[in-house]
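Shown next, in structure tokens, is the structure this report addresses.
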Amino acid sequence: MKIRFFLKITAVSLIIGALFIGVAYFIPSQIINNALRNIAGTFFVDSITVSGLIDKYNNYLDHQNVISPVVYGQDRPKIKILIVPGHEPDYGGAEFGFVKERYINVDLADDLARFLKTDPHYDVTVSRDNKKWLPELEKYFSDSWDSINLWEKGKKDEMLELIADGSVRKITNPAHQTVPDSVATRLYGINKWADEQNFDIVINVHFNDYGTRRLNLTGDYYGFVIYVPERQYSNSKASKTFAGSIFNQLSKYFAVSDIPAESVGVVEDQDLIAIGSYNTVDPVSILVEYGYIYEPQFKNPDVKDAVINEYAYQTFLGIQNFFKASNTSGILSDTTLLPHIWQKNLSKSNNPENDILALQLALKKEEFYPPMGKTKNECPITGVFGYCTEEALFMFQANNGIFDEKGILGVKTREVLNVFFSGNKNSGN
Ligand SMILES: [Zn+2]
């Protein structure tokens, strides 16, 4: 669930705005333009580049492996990554039954941080947990509230001026969600703080929903989508390349959102505050909606935890691919759900569980899932044993000469699967 810009008008911002315009009025516009062209976050200038990021990754030296850390000190910094679980500790986000987006956003952010920390090239920060903001950020909000509002106003005025003179094109994005002023200010505050702290990458973590879904009823759409800054923004190019790398990894296993406006998978947006509406973010910035809040894999707590961990792992692998880096996680597989050993029989009568989740992954690897003629959206990875799993299992069995366990995971099918996927060639015997 995303928060887009909406016009904030408060007495304070009007007064500050009037002062700002008053000062600006006396400075020749040419001087302002020259100044703006040479600082970060400026239209028509890339604030960050793919090659710059990759160079920084490769130039980092692990100080523990260097004889004289003084010599190789500050000029070999790490890649600074900020992970922002969407919404606030006690406010906002999609909800379905007992599942609250603002909590599972934190679960995913923490899983992703754990994977990233296995690579010493990264310096990883998470902006909040389920109870509170990161202390530094909390302090920044209280100390800098007025300067955040002033900065936001300045960025808006600058862009509106460029739109007025025709050098920037206003893009109309669908569905604007209104949020309280304080929420928007904290979002812009995170942007300003990330710029000032020289973060290289900001990853916003969300789960999706849509406005017309009827409360308490499962919706019609499935899948993930990645939002990136619109192409006129300074951080757009690098963000799109970065997003593309994560998209390639997530889409190996997971469906892409089938809402028409999101079905391209990586979507540009001009109004999402978190990725830098009004050109307010210098670092690479993406916003991932990992799935719809009502999708069946989030209902069972074990399956939910395993799937969220897998989303985080695929995101991590996408980031490693972007930097052309190795997988440092210690997991010797391209999924956290395999290897796996199936120790009991399974059929449609079973409740959702991780054995079924691993079965779907295994059938996916064998190219029987989703079953022939079905899409990933019709048959997503859910941990639920339904028609899709039964059909895929049936085809797997036919292919392996098993004809008496039709669509049920019985002893013979388990034996074959355990040979293929237990990670130990002898365990199926
Ligand atoms: Zn959200």
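Here are the numbers for this structure:
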| quantity | calculated |
| --- | --- |
| Whole-number D in µm²/s for region 354-421 (Stokes-Einstein; Kirkwood sum over Cα pairs; 37 °C, 0.692 mPa s) | 281 |
| Selection from Val288, Ala274, Ala325, by position along the positive dipole direction of the chain (Cβ) | Ala325 |
| For region 102-116, 3J(HN,Hα) per residue [Karplus equation, 6.51 cos²θ - 1.76 cosθ + 1.60, θ = phi - 60°, Hz, x = Gly/Pro] | 5, 7, 6, 4, 5, 4, 5, 4, 5, 4, 5, 4, 4, 5, 5 |
| Charge dipole (debye, nearest 20) of the chain; +1 at Cβ of Lys and Arg, -1 at Cβ of Asp and Glu | 240 |
| The chain - mean residue ellipticity at 222 nm from DSSP helices (-39,500 (n - 2.57) per run, n ≥ 4, rounded to 500) | -13000 deg cm²/dmol |
| Theoretical FRET efficiency, 1/(1+(r/R0)^6), r = Cβ-Cβ of Ala164 and Asn198, R0 30 Å, to 0.05 | 0.40 |
| Spatial separation of Cα centroids for region 264-316 and region 337-352, in angstrom | 28 |
| Under the Karplus curve 6.51 cos²θ - 1.76 cosθ + 1.60, θ = phi - 60°, whole-Hz ³J(HN,Hα) for region 236-244, x wherever Gly or Pro sits | 5, 4, 5, 5, 5, 5, 4, 4, x |
| Burial ordering of Ser182, Ser239, Ser144, fewest other beta-carbon atoms within 10 Å first | Ser182, Ser144, Ser239 |
| Two-decimal Rg/Rh across the chain, once Rg and the Kirkwood Rh are taken from alpha-carbon atoms | 1.03 |
| Residues whose placed amide H lies under 5 Å from that of Val168, excluding near-sequence neighbours | Ile163 |
| The chain: antiparallel DSSP beta bridges as a percent of all, rounded to 5 | 30 |
| For a label point 7 Å along the Cα-to-beta-carbon line of Asn321, residues of region 208-229 with backbone N under 19 Å | 223-228 |
| Calculated FRET value between Arg76 and Val183, using beta carbons and R₀ = 30 Å, to 0.05 | 0.20 |
| Glu415 versus Asp129: modelled label distance in nm, points set 7 Å from Cα along the beta carbon direction | 4.9 |
| Extension gain from Tyr210 to Ile331, taking 0.36 nm per residue of separation minus the Cα-Cα distance | 40.1 nm |
| Order of Leu61, Leu357 under a 10 Å beta carbon neighbour criterion, fewest first | Leu61, Leu357 |
| Neighbour-count order for Lys156, Lys374, fewest beta carbons within 10 angstrom listed first | Lys374, Lys156 |
| Region 293-429 pair-distance distribution - Cα-Cα, 10 Å bins, rounded % | 12, 41, 34, 12, 1 |
| Net dipole in debye of region 354-421 [+1 Lys, Arg Cβ; -1 Asp, Glu Cβ; about Cα centre; nearest 20] | 140 |
| Within region 78-115: backbone nitrogen closer than 17 Å to the Asp55 label point (7 Å, Cα to C-beta) | 78-80 |
| Longest to shortest principal axis, alpha-carbon extents of region 190-334, angstrom | 42, 41, 26 |
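Coordinate-derived values only; no laboratory data. Treat the numbers as computed from the prediction; the structure is a model and nothing was measured. Glycine also receives a Cβ, built like all others from the backbone with ideal geometry; neighbour counts cover every protein chain displayed.
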